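To start, the structure under review is shown below, and the notes come after it.
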Amino acid sequence: MHVSADHFHFDQKSGIGVYTGGVRVQQNSLTIVGERLTVVAPPNAPVERLSMEGTPARFSDVTPKGRKVDGHAAHMRYLPASQQVHLDGAAELTEGANTFSSAHIVYDTKTGVVTAGTPGTRVEATLVPGKQTAPATGKPAP
């Protein structure tokens, strides 16, 4: 995992690092960008979670089937152990021509599965049937 930012502060005792200003996280095909990133990495343990804030925070990835996925939300959490991105607050995710919006969306980077919605809120989706072009390769999607 590679992180770049304008400023960084790390408290070794608590295992909490805070990156601010034009933050960019890159891990394989996953990219997350925003203004403030909090990394929780307890001493002698793997990174537990990354929390990104922005106006909005954004991510992009390529699904296991080669389709490009983009998303944004006011707040985003990445959980490395489960390889899930949680989008909260005016969340929107786009995969090809399909779009999903909700107060909360979970995207599993390992499987490409999208889950959206919370009790008392609605999920809006625009689904385009038929063959779609996978932007990551420019070839028809399977």
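The values are calculated or read from the model by the stated rules, or taken from the named source; none is laboratory data. Since the structure is predicted, the reported quantities are computational estimates derived from the model, not experimental observations. Every residue, glycine among them, receives a Cβ derived from its backbone with ideal geometry; neighbour counts consider all protein chains shown. Each accessible area value is taken on the protein alone, full model and side chains, heavy atoms only, with ligands, DNA and RNA left out. Shrake-Rupley method; radii C 1.70, N 1.55, O 1.52, S 1.80 Å.
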Q. Out of all the residues in region 99-110, is one or more more than 28 Å from residue 40 (Cα to Cα) and more than 10 Å from the chain's Cα centre (by Cα)?
A. yes
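Which one is farthest from the chain's Cα centre (by Cα) among residues in region 119-142 that are modelled with pLDDT of 90 or more and either exposed (fewer than 13 other Cβ atoms within 10 Å of the Cβ) or part of a strand (DSSP E or B) (or both)?
128
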Q: State all residues of region 36-60 that are outside any strand (DSSP E or B) and either surrounded by 15 or more Cβ atoms within 10 Å (Cβ to Cβ) or acidic (Asp, Glu) (or both); if no residue qualifies, say none.
A: 41, 47, 48
Q) Restricting region 40-73 to residues that are out of contact with any Phe, Trp or Tyr (no Cβ under 6 Å at 6 or more places or on another chain), of a type in the set (Gly, Ala, Ser) and modelled with pLDDT of 95 or more, which is farthest from residue 27 (Cα to Cα)? A) 73
Q.
If I ask for residues that are open to solvent by 60 Å² or more (accessible area, probe 1.4 Å) and not in a strand (DSSP E or B), which ones from region 6-32 would you list?
A. 6, 12, 13, 28
Q: Mind listing just one residue for me: the one in region 58-78 that is of a type in the set (A, V, I, L, M, F, W, C) and more than 15 Å from residue 103 (Cβ to Cβ) and, of those, farthest from the chain's Cα centre (by Cα)?
A: 62
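Filter region 61-101 for residues that are outside any strand (DSSP E or B), surrounded by fewer than 20 Cβ atoms within 10 Å (Cβ to Cβ) and not hydrophobic (A, V, I, L, M, F, W, C) and give the result.
Step one: list which residues in region 61-101 are outside any strand (DSSP E or B), which gives 63-67, 80-83, 96-97.
Keeping just the survivors that are surrounded by fewer than 20 Cβ atoms within 10 Å (Cβ to Cβ) gives 64-66, 80-83, 96-97.
Those that are outside any strand (DSSP E or B), surrounded by fewer than 20 Cβ atoms within 10 Å (Cβ to Cβ) and not hydrophobic (A, V, I, L, M, F, W, C): 64, 65, 66, 80, 82, 83, 96.
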